[in-house]
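A.B. asks: This is the structure, below, for whatever I ask next.
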Amino acid sequence: MYMAFKHLHLTLAALTVLLFIVRAGFVLVWPAGIRKRWMKVLAHSVDGLLILSAIALLLVMQMNPLHVGWVLAKIVALFAYIGFSVYAFKLAPTLPARLIGVLLAGAALAYIAMVAVRRTPTLGLF
């Protein structure tokens, strides 16, 4: 059961990154593209399934995220990613502001991926 959820989670994570890159391209090059209904539904569906697969993994592994530092770091970074994405894709009034939001959201997403691979919130730097 663990391997099935792990592979599902990794697949959904890859789709999330791909959709983030597509949405970032839209918001920077063709802002009307980000407002397409299919894009919103697809991105939110994949992200929602990714979170559900993460919860399933935690349950299967009987892991409490409050007691495992790297998992808690991923959760905090997820909130940062969501906040920066909302800013970049909905709230930012100008192109430079959208670019800053996209870069910050991308950095949060990269941090989540690196923490997942290294299983340490400090990324092995300390």
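A.B. asks: Assign unit charges at the C-beta atoms only (+1 for Lys and Arg, -1 for Asp and Glu), then state the dipole size of the chain relative to its Cα centre in Debye, rounded to the nearest 20.
C.D. replies: Computed charge dipole of the chain: roughly 260 debye.
A.B. asks: Which one of P96, F126, L78 is farthest out on the positive end of the charge dipole of segment 26-126, using unit charges on Cβ (Lys, Arg +1; Asp, Glu -1) and the Cα centre as origin?
C.D. replies: Farthest along the dipole direction, towards plus: P96.
A.B. asks: Using a basic spin-label model with each label point 7 Å from the Cα along Cα→Cβ, how many nm lie between L42 and L91?
C.D. replies: It works out to 2.7 nm between the two label points.
A.B. asks: Using the Kirkwood formula on the Cα atoms of segment 2-118, what hydrodynamic radius do you get, in angstrom to one decimal?
C.D. replies: 14.9
A.B. asks: What is the local net charge at L72, summed over the other residues whose Cβ is closer than 15 Å to its Cβ (Lys, Arg +1; Asp, Glu -1)?
C.D. replies: Details: positive: K74, R118, R119; negative: none.
Here the charged neighbours net out to +3.
A.B. asks: What number, in nm² with one decimal, is the all-direction average of the projected area of the convex hull of the alpha-carbon atoms of segment 1-69?
C.D. replies: For segment 1-69, averaging the hull's shadow over all directions gives 5.4 nm².
A.B. asks: Mind checking the full-extension length gain between I100 and I51? Use 0.36 nm per residue of separation minus the Cα-Cα distance, one decimal, nm. Intermediate results must be reported in sequence, preceding the final value.
C.D. replies: Values: separation 49, 0.36 × 49 = 17.64 nm, distance 2.51 nm.
Fully extending the segment from I100 to I51 adds 15.1 nm.
A.B. asks: Quick one: net charge around V46, please, counting Lys, Arg +1 and Asp, Glu -1 for every other residue with C-beta under 13 Å from its C-beta. Spell out each step's value before the answer.
C.D. replies: Numbers: positive: R23, K40; negative: D47.
So the environment of V46 carries a net charge of +1.
A.B. asks: Is the C-alpha gyration tensor of segment 39-92 telling us rounded, prolate or oblate? Criteria: a/c under 1.5 is rounded; beyond that, a/b larger than b/c is prolate, otherwise oblate.
C.D. replies: Oblate is the answer for segment 39-92, as a/c is 1.5 or above yet b/c matches or exceeds a/b.
Rule-based calculations on the coordinates, nothing more; no lab input. None of the values given here were measured: they were computed from a predicted structure. For neighbour counting, all protein chains shown are included, and Cβ atoms are generated from backbone atoms with ideal geometry for every residue, glycine included.
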